[in-house]
Amino acid sequence: MKKTARTLIAIIALIILSSFLVVPSVDAQQKNIILATTTSTQDSGLLDVLIPIFEKKTGYFVKTIAVGSGQAMAMGQKGEADVLLVHSPAAEKKFVADGYGINRQLIMHNDFIIVGSSADPAKIKGVKSAAEAFKKIAAAQSLFLSRGDNSGTHSKEKAIWKAAAVKYEGEKWYQQTGLGMGQTLNVASEKKAYTLADRGTYLALKKNLSLDILAEGDAILLNIYHVIEANPAKFPKVNAPGGKAFAGFMVSKETQDIIKTFGVDKFGSPLFFPDAGKKVEDLGK
């Protein structure tokens with residue numbers, strides 16, 4: 001009898017305890033979105049403006065993971081992100097072609113710039129060709145810092161080295177940071193080195209950097225961003241409605257108008273140019 005009473009008390013205690021435990025509903029869990037994006041969208045401050053608006057408008061909560069575009073797509077290949085905002089076009093096309101992502105949409109662009117100390121030991125200031133600027137840096141054996149992180153910026157840098165047709169890998173003057181854009185700019189500033197950066201992040205951090213824009217304007221320096229939804233057919237557990245909602249928000253007129261003016265008040269010019277609905281071949285003209 002005593003054993004039965006003890007068992008009954010234990011059951012009642014468990015029922016009371018469980019009443020205090022809150023188990024998230026499926027609906028609550030589906031309100032969370034994982035956004036894999038580039039460090040440039042984070043470091044520039046753009047997402048700090050856009051995400052709160054999206055969350056308030058839709059009720060979704062966004063967990064942002066800012067890494068290089070290559071790492072963002074590696075997450076996407078494992079089904080670890082619901083939506084991606086990246087800037088590595090060739091890799092993006094393969095990502096979609098391989099079935100990992102769907103509905104790749106053009107969002108915005110800015111451009112890459114080659115920055116360095118005002119001393120400019122390789123004398124690249126004003127050089128119109130990015131490849132020519134890289135050739136001069138290599139010839140002078142001036143310190144060049146690469147992100148070395150398989151990001152969109154790193155991919156662009158390698159494309160410029162290829163166009164320059166000079167050996168850089170393994171050279172003492174060529175060093176990889178393995179860091180994001182903001183951190184790489186800070187290291188370049190400290191070491192008085194050259195680096196390739198997206199204009200948005202550079203302008204956002206410029207006041208704390210001892211780096212000048214030394215080469216810009218070459219067509220190869222165009223920097224294009226797309227949003228890609230995770231493919232629910234391949235990854236049934238991803239939050240497909242949430243990813244679709246975020247993608248729709250990024251191409252909406254409201255968001256495109258915000259992008260159009262973002263940075264103007266601080267820098268006198270926008271950090272990005274909105275491109276939803278445009279064709280890539282028409283950008284930068």
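Please treat every number below as a calculation from the coordinates, not as lab data. Every value quoted in this text rests on a predicted model; they were computed, and no experiment measured them. Every residue, glycine as well, gets a Cβ built from its backbone with ideal geometry; the counts of neighbours run over all protein chains shown.
Comparing 186, 208, 32 in a Gaussian network model of the chain (Cα springs below 10 Å), the most mobile by mean-square fluctuation is 208. Length available on full extension from residue 90 to residue 171: 0.36 nm per residue minus the Cα-Cα distance, which gives 26.5 nm. Relative to the longest principal axis of the Cα atoms of the chain, helix 46-58 runs at roughly 30 degrees. Listed by chain and number, the lysines whose alpha-carbon sits under 23 Å from that of residue 234, ignoring those within fewer than 8 places in the same chain, are 31, 63, 78, 93, 94, 244. This ranking places 107, 213 by how few other beta-carbon atoms lie within 10 Å of each, fewest first, which gives 213, 107. Between residue 64 and residue 273, full extension at 0.36 nm per residue minus the direct alpha carbon distance yields a gain of 73.1 nm.
For the chain, take the longest principal axis of its alpha carbons; what is the angle in degrees between that and the long axis of helix 130-140, to the nearest 10 within 0 to 90? That works out to roughly 70 degrees. Taken along the Cα-to-beta-carbon direction at a fixed 7 Å, the label points for residue 219 and residue 78 span 3.9 nm.
Computing FRET efficiency as 1/(1 + (r/R0)^6) for residue 187 and residue 97, where r is the C-beta to C-beta distance and R0 is 51 Å, gives about 0.90.
Computed over segment 111-221, the P(r) curve from all C-alpha pair distances, binned at 5 Å from the origin, holds 2, 14, 27, 29, 22, 6, 1 percent per bin. Nearest 10 degrees, 0 to 90: what angle lies between the long axis of helix 181-191 and the longest principal axis of the chain (Cα atoms)? Value to nearest ten degrees: 40.
Taking K and R as +1 and D and E as -1, what net charge do the other residues with C-beta under 14 Å from the C-beta of residue 234 add up to? So the surrounding residues net to -2. Compared with the direct C-alpha span, the chain from residue 266 to residue 207 gains 20.1 nm at full extension, assuming 0.36 nm per residue. Charge tally around residue 194: other residues with Cβ under 12 Å, Lys/Arg +1 each, Asp/Glu -1 each, net +2.
Sorted from greatest to least, the principal axis extents spanned by the alpha carbons of the chain come out as 93, 42, 40 Å. Computed from point charges on the beta carbon alone (+1 for Lys and Arg, -1 for Asp and Glu), the dipole magnitude for segment 111-221 about its Cα centre is near 180 Debye. By DSSP, the beta bridges lying fully in the chain are antiparallel in about 60 percent of cases. Taking other C-beta atoms within 10 angstrom as a stand-in for reagent exposure, 127, 264, 187 fall in the order 264, 187, 127, fewest first. Using a Förster distance of 30 angstrom, determine the FRET efficiency expected from the C-beta separation of residue 258 and residue 237, and round it to 0.05. In this case the efficiency is close to 0.45.
Taking the fewest neighbouring Cβ atoms within 10 Å as the starting point, the ordered list for 137, 33, 102, 220 is 220, 102, 33, 137.
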